[in-house]
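First the structure, in the form of C-alpha cells, and then the observations on it.
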C-alpha cells in the first residue's frame with residue numbers, strides 16, 4: 001500500500017511529516033511560519049522597537065532553527081510595516097568560516113579544538129558580528145545582485161545621501177576592517193563604495209604632491225643650470241628624499257596600524273597590504289582619533305559598534321537584532337558540551353548583551369543550561385542572566401504538539417478537506433493515549449519522525465488490493481515502542497539520531 005494513497009484517502013496532498021529540519025521544510029516555510037508558535041514566543045521575540053536580549057535553551061528538534069526563521073520573517077514584516085522604525089537583522093549562525101580563519105592565525109601546536117576555543121574572546125564574537133553586519137550593509141548600498149544577510153535589511157536607494165562626511169568616513173573605515181565579501185576584489189569594491197558615498201580623498205595626496213614637486217624642482221634646477229655632475233653626488237637624492245619624508249612618515253605609521261588591525265581582527269580575511277592602501281586615503285589626523293580594532297580588547301569594538309549603529313540610524317534602522325543559532329554544529333565543536341561552552345560563555349557578558357539599541361537572541365542547546373548553575377559567582381555577576389529573558393527549556397506540551405499536527409495537516413490538505421490526526425487512527429486508540437504518546441515524543445522533530453515511521457509501517461503492512469484506512473492500535477503501540485527505545489539510545493549517545 002502506498003503512503004500517498006493513504007494520505008490522499010484522508011484528503012492530504014503531500015506528506016506533512018516528511019521533513020524534520022525547519023531549514024528545508026516547505027510546509028513550515030509556506031504555511032506554518034506565521035501561525036505556529038511556541039508558547040514562549042512573545043518573550044523571545046519581544047518588541048522590535050526596543051531590541052532586547054533573550055536566551056533560549058532547547059534540546060535537538062525542539063524548534064530553535066524554526067524560531068530563528070520566524071524571528072527573521074517577523075522582523076522583515078515589521079520593517080515593511082514600520083519603515084521609520086526598522087531593525088537591522090544579523091544572523092550569526094555559521095561559525096565555521098570565522099573559526100577556520102581564527103585557527104589559521106595560531107601556531108600548529110595551538111590548533112587543537114580545545115586550545116583554539118580556549119583563546120576565543122568576546123571581541124572575536126564582536127568582530128564576527130560586525131563582519132556580517134558590515135558586509136551585508138555594503139552589499140545593499142552597492143546594489144549587489146545577491147546580497148548577504150537577511151532580506152529584512154533592505155536599504156533605500158537614496159538613503160546614503162543622508163550620511164554626512166563623518167558617517168561616510170566611519171562606514172569606509174568599517175568596510176576597510178570588516179567587509180568580508182569575496183564577490184569582487186576588495187580594492188575595487190571599497191573605491192566603488194567611496195564613490196557611492198561621495199567621499200572626497202584629494203586632500204590625502206598633498207604629501208605625494210610635495211614629493212613629486214621637490215623631485216621635479218631639483219632636476220629642473222640641475223637641467224636649467226647645466227650642472228649635470230651634481231647627479232653624481234648624494235645631495236640631489238637627499239633633497240628628493242626629504243621631499244618624500246612627509247609621505248614616508250604617514251605611510252609608515254599607516255602600515256603599522258594596518259598590521260596591528262589585521263593581527264587583532266583574527267576572524268577577518270583582510271591582508272595588511274590591501275588594508276594599508278585603503279587607510280592611506282585618510283589623513284593621519286582622522287585616523288589617529290578613531291577607535292580602530294588594533295588591540296586585544298573590547299573597548300574599541302564597542303566604539304566601532306556605536307559608529308555602525310550611527311550609520312544604520314541615518315539609513316532608517318533604529319536597532320539591531322543578532323540571532324545566534326547552531327552553536328553545536330561547527331566542525332571544531334562536533335557537539336562537545338565543553339567546546340560549546342568555550343565558544344558561547346565568552347559572549348555572556350552583561351555589557352554586551354545589554355548594549356543599547358541591540359538585542360541578542362541566543363538559541364542554545366539544552367546541554368549548556370545544565371552547566372549554568374555550576375559556574376562561580378564571578379561568571380553570574382558578569383553575565384547577569386537574571387536580566388536576559390532566559391528560558392531554561394524550550395518544552396512542548398502534548399496539547400501544543402497536537403495543535404502543531406493539526407496546523408500541518410490543514411496546510412497539506414486537499415481543497416475542501418479537513419483531515420485530522422484522530423481521523424487517521426483507529427477508534428480503539430483513545431484520546432488520552434494519543435496525548436500520552438505525544439508527551440513521550442517531547443519535541444516537534446521527534447513527532448515528525450514518529451508520524452512518518454508510523455505511516456510507512458502501516459502502509460507496508462497492507463497491500464493496494466486490501467488497503468486499510470485506519471492505523472490500528474497494535475501498529476500504533478509497536479511503532480511508538482520502537483521509536484522511544486531508539487530515541488532513548490540517541491539521548492544516551494549510543495546511536496546516531
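The values are calculated or read from the model by the stated rules, or taken from the named source; none is laboratory data. Being a predicted model, the structure only gives us computed values, none of them experimental. Please note: Cβ atoms are built from the backbone with ideal geometry, for glycine as well, and neighbour counts cover all protein chains shown.
Numerical summary
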item	result
Subset of segment 253-267 (residues that are part of a helix (DSSP H, G or I) and either out of contact with any helix residue (DSSP H, G or I) (no Cβ under 9 Å at 6 or more places or on another chain) or within 19 Å of residue 122 (Cβ to Cβ) (or both))	256, 260, 261, 263, 264
So residue 127, is it at pLDDT 95 or above and under 30 Å from residue 159 (Cα atoms)	yes
2 or more residues under 30 Å from residue 68 (Cβ atoms): qualifying helices (runs of 4 or more DSSP H) within segment 142-243	165-178, 186-197
Residue 228 vs. criteria surrounded by 17 or more Cβ atoms within 10 Å (Cβ to Cβ) and outside the structural domain of residue 122 (by TED's automatic domain parsing)	no
Residue list for segment 39-56, restricted to those being more than 18 Å from the chain's Cα centre (by Cα) and either touching a residue at least 24 places away in the same chain (Cβ under 8 Å) or part of a loop (DSSP other than H, G, I, E, B) (or both)	39, 40, 41, 43, 46, 47, 49, 50
Qualifying residues in segment 17-31 (those that are closer than 20 Å to residue 423 by Cβ and at pLDDT below 90) - the one surrounded by the most Cβ atoms within 10 Å (Cβ to Cβ)	27
Members of segment 73-115 found to be assigned to a loop (DSSP other than H, G, I, E, B), free of Cβ contacts under 8 Å to residues at least 40 places away in the same chain and closer than 30 Å to residue 315 by Cβ, listed by number	82
Members of segment 199-225 that are more than 54 Å from the chain's Cα centre (by Cα) and surrounded by 11 or more Cβ atoms within 10 Å (Cβ to Cβ)	217, 218, 219, 221, 222
Single residue of 176, 162 found to be in contact (Cβ under 8 Å) with a residue 60 or more places away in the chain and surrounded by 19 or more Cβ atoms within 10 Å (Cβ to Cβ)	176
Qualifying positions in segment 1-16 - surrounded by fewer than 20 Cβ atoms within 10 Å (Cβ to Cβ) and part of a loop (DSSP other than H, G, I, E, B)	1, 2, 10, 11, 13, 14, 15
Residue list for segment 73-97, restricted to those being buried (at least 18 other Cβ atoms within 10 Å of the Cβ), closer than 27 Å to residue 121 by Cα and over 11 Å from the mean Cα position of the chain (by Cα)	87, 88
Unmet criterion (only one of (1) in contact with a strand residue (DSSP E or B) (Cβ under 8 Å, 6 or more places away or on another chain); (2) exposed (fewer than 14 other Cβ atoms within 10 Å of the Cβ); (3) on the phi > 0 side of the Ramachandran plot) for residue 389	(2)
Residues satisfying the stated conditions in segment 369-386, i.e. closer than 17 Å to residue 60 by Cα and crowded, with 17+ Cβ neighbours inside 10 Å	369
